[in-house]
1. Mind telling me which of the residues 57, 47 ends up being over 30 Å from residue 339 (Cα atoms), part of a loop (DSSP other than H, G, I, E, B), at pLDDT 95 or above and away from ligand 1 (no atom under 16 Å from the Cβ)?
2. How many of the residues making up region 115-147 are within 12 Å of ligand 1 (Cβ to nearest atom) and assigned to a strand (DSSP E or B)?
3. Could you say which residue among 317, 236 is touching a helix residue (DSSP H, G or I) at 6+ places or on another chain (Cβ under 9 Å), within 16 Å of ligand 2 (Cβ to nearest atom), in contact (Cβ under 8 Å) with a residue 60 or more places away in the chain and under 30 Å from residue 110 (Cα atoms)?
4. Examine region 115-133 for a residue that is touching a helix residue (DSSP H, G or I) at 6+ places or on another chain (Cβ under 7 Å), more than 22 Å from residue 328 (Cα to Cα) and without any contact (Cβ under 8 Å) to a residue 60 or more places away in the chain, and state whether such a residue exists.
5. From the list 27, 49, pick out the single residue that is free of Cβ contacts under 8 Å to residues at least 12 places away in the same chain and more than 30 Å from residue 206 (Cβ to Cβ).
6. Could you grab me the full set of residues in region 60-110 that are assigned to a strand (DSSP E or B), in contact with a helix residue (DSSP H, G or I) (Cβ under 6 Å, 6 or more places away or on another chain) and more than 16 Å from ligand 2 (Cβ to nearest atom)?
7. Conditions first: (1) away from ligand 2 (no atom under 16 Å from the Cβ); (2) in contact (Cβ under 8 Å) with a residue 24 or more places away in the chain. Residue 249 passes all but one, so which condition is the exception?
Ligand code: PEP
Ligand code: MN
């Protein structure tokens with residue numbers, strides 16, 4: 001960390017900052033320039049709040065050099081992490097390797113017929129994982145809230161008929177055991193990215209976690225949320241960029257494609273994209289899915305429905321079957337151009 005003192009800062013002010021840093025265990029290196037005094041503070045004080053220093057008299061600026069997350073940082077595992085979902089001797093998927101892993105399915109599990117038909121469709125088109133919510137985080141308490149355990153049961157059966165893996169959302173720590181009994185990957189939704197109790201419990205879970213980016217979360221906050229899970233001992237975390245809220249309201253959210261290369265630089269964790277929630281509009285999903293693969297996404301999470309006009313949630317952003325097939329054909333051309341397979 002570097003502390004830049006104000007021009008003309010007085011000696012007692014500089015000394016007070018040095019004393020504060022030393023008291024917190026830092027080694028302080030002072031350098032006096034023509035206009036500013038700079039203090040270099042060396043030491044691993046990971047939870048140090050730079051605002052404490054910024055508020056001190058005579059301080060102009062505090063610049064952090066090392067990231068506030070450690071286990072999630074690229075430096076911790078420069079070679080990258082491959083998340084192994086499923087049973088390595090049976091049905092499984094590797095997320096973060098050469099293959100771009102397709103995860104697709106409806107927003108919500110609605111019925112046996114619905115989920116079986118979608119399972120056949122996504123499996124035929126090369127998806128490795130079927131998605132489907134059984135516990136739904138809806139903005140309104142009057143909207144469809146999901147089928148609960150029955151939905152999980154239907155989803156598992158639909159997955160098994162096509163040797164697919166299951167990803168489904170867990171909204172609360174009390175649901176972890178139940179959802180783990182049916183799902184291979186536990187999804188943390190955008191609204192729960194900073195549910196720290198849930199994240200801590202997931203650190204003890206025996207399942208990979210798909211951690212969605214919060215609606216207004218910075219990349220640093222997102223990685224700190226991942227850090228909660230990693231620090232509990234669960235290293236199987238997949239990050240998912242699902243769009244953030246910006247001033248633009250033509251689309252439901254703004255899919256931050258740039259987050260993909262940024263995460264790859266800052267973290268060893270795999271990152272996938274969700275262009276369905278990222279745009280909210282069916283006709284924008286395929287272009288953004290193509291862009292995400294071109295940008296290096298390790299996978300895609302896509303909503304697909306056999307009859308989106310009658311879907312119980314997120315119909316407007318769900319691809320129709322033929323659109324999904326067409327998209328996969330395109331992705332199979334794009335992936336090799338960036339050294340990947342699908
Ligand atoms: C979902 O995947 O259906 C969902 C609710 O996603 P998000 O948490 O990104 O809104
Ligand atoms: Mn949805």
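The values are calculated or read from the model by the stated rules, or taken from the named source; none is laboratory data. Bear in mind the structure is a predicted one, so any value in this text is a computation, not a measurement. Cβ sites come from the backbone with ideal geometry, for glycine too, and all protein chains shown count toward neighbours.
1. On the way: 47 fails: at pLDDT 95 or above.
Criteria check complete, one pass: 57.
2. Selection size over region 115-147: 2.
3. Details: 236 fails: within 16 Å of ligand 2 (Cβ to nearest atom).
Result of the check over 317, 236: 317.
4. Within region 115-133 (the criterion being touching a helix residue (DSSP H, G or I) at 6+ places or on another chain (Cβ under 7 Å), more than 22 Å from residue 328 (Cα to Cα) and without any contact (Cβ under 8 Å) to a residue 60 or more places away in the chain), the answer is no, since none of the residues qualifies.
5. Result of the check over 27, 49: 49.
6. If the condition is that a residue be assigned to a strand (DSSP E or B), in contact with a helix residue (DSSP H, G or I) (Cβ under 6 Å, 6 or more places away or on another chain) and more than 16 Å from ligand 2 (Cβ to nearest atom), then 62 is the only one that fits.
7. Unmet for residue 249, out of (1) away from ligand 2 (no atom under 16 Å from the Cβ); (2) in contact (Cβ under 8 Å) with a residue 24 or more places away in the chain: (2).
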